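Enquirer: Before anything else, here's the structure in question.
The values are calculated or read from the model by the stated rules, or taken from the named source; none is laboratory data. It should be emphasised that the depicted structure is a prediction, and the values quoted were computed from it without experimental measurement. Quick reminder, even Gly has a Cβ in these numbers, built from the backbone with ideal geometry, and neighbours come from all protein chains shown.
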Amino acid sequence: MDDVKNAADVSYEVRLTAGRAGLDPSAADWEVCELENGVVKSTADVYDNLTQAEAENMAGMWTKKKEEAGL
């Protein structure tokens, strides 16, 4: 039960990559980040050079997998 209390709250955020305009949703200006308790713990958990739709799709896929795993 202690593992449940200490488990990180993992979520995913789609955001504009720093320094990008974000004016065109089909431009590779977006990134998806894995957050643990609201913080990016590792730059390896940031996937960039995505279109907005790709980033949204990736975040949705990871969220679904997490839910299916019961996490």
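Enquirer: Which pairs turn up if I take residues in the stretch 18-29 that are over 14 Å from Tyr47 (Cβ atoms) and look for partners that are at pLDDT below 95 and of a type in the set (Lys, Arg) with beta carbon separation below 6 Å, at least 6 apart in sequence or on another chain?
Expert: From the stretch 18-29, no pairs qualify.
Enquirer: Of all residues in the stretch 46-65, which are surrounded by 14 or more Cβ atoms within 10 Å (Cβ to Cβ) and either among the hydrophobic types (A, V, I, L, M, F, W, C) or closer than 11 Å to Ser11 by Cβ (or both)? Before the answer, list the steps.
Expert: Restricting attention to the stretch 46-65, the residues satisfying the condition of being surrounded by 14 or more Cβ atoms within 10 Å (Cβ to Cβ) are 46-48, 50-52, 54-59, 62.
Answer for the stretch 46-65, where residues must be surrounded by 14 or more Cβ atoms within 10 Å (Cβ to Cβ) and either among the hydrophobic types (A, V, I, L, M, F, W, C) or closer than 11 Å to Ser11 by Cβ (or both): Val46, Leu50, Ala55, Met58, Ala59, Trp62.
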